[in-house]
Amino acid sequence: MELSNISNNRLVPIYLMSSYLYYEHDKNVLDDTQFDYLCKRILDNWDNITHIHKHLIDKNNLKAGSGYGISYTNMIMSSALDWYETETKKENE
């Protein structure tokens, strides 16, 4: 996934879904380098991000390149699983 072309607000759900998949299901859609880039970009643009789920993100987690300990909404959890399934299908085609 090319993250540099994605708006800062759209990075929020990608971060949350990626964290959910990794910490709750031991699954990856992004590699470590992509996840670190994602954290840095969200942190660097924090004051300009207006996403509805921004409040779920801890800036200290972003600084550490982590998404551990997040309280996920049902929307994030179901979207993450759908995203993982879609990405897995793409890889297998």
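The values are calculated or read from the model by the stated rules, or taken from the named source; none is laboratory data. None of the values given here were measured: they were computed from a predicted structure. Here the Cβ positions follow ideal geometry from the backbone for every residue, glycine too, while neighbour counts run over all protein chains shown. These area figures cover heavy atoms from the full protein model, side chains too; ligands, DNA and RNA do not enter into them. Shrake-Rupley method; radii C 1.70, N 1.55, O 1.52, S 1.80 Å.
A few notes on this one:
- Residues in the range 46-82 that are aliphatic (A, V, I, L, M) and in contact with a Ser or Thr (Cβ under 7 Å, 6 or more places away or on another chain): Leu56, Ile70.
- Qualifying residue in the range 27-34 (condition: touching a Phe, Trp or Tyr at 6+ places or on another chain (Cβ under 9 Å) and free of Cβ contacts under 8 Å to residues at least 12 places away in the same chain): yes
- When Ser7, Ser18 are checked against the criterion of being hydroxyl-bearing (Ser, Thr, Tyr) and free of Cβ contacts under 8 Å to residues at least 12 places away in the same chain, a single residue qualifies: Ser7.
- Within the range 55-74, the set of residues being in a helix (DSSP H, G or I) and open to solvent by 40 Å² or more (accessible area, probe 1.4 Å) comprises His55, Lys59, Asn60, Lys63, Ala64, Asn74.
- Filter result (within 18 Å of Glu24 (Cβ to Cβ) and out of contact with any helix residue (DSSP H, G or I) (no Cβ under 9 Å at 6 or more places or on another chain)) within the range 59-74: Asn74
- Residue match in the range 9-22 (condition: assigned to a helix (DSSP H, G or I), in contact with a His (Cβ under 9 Å, 6 or more places away or on another chain) and open to solvent by 30 Å² or more (accessible area, probe 1.4 Å)): yes
- Screening Thr50 with (1) touching a residue at least 24 places away in the same chain (Cβ under 8 Å); (2) surrounded by fewer than 16 Cβ atoms within 10 Å (Cβ to Cβ); (3) in a helix (DSSP H, G or I) gives one miss only, at (3).
- Against the numbered list (1) out of contact with any Asp or Glu (no Cβ under 9 Å at 6 or more places or on another chain); (2) part of a helix (DSSP H, G or I), Met77 comes up short only at (1).
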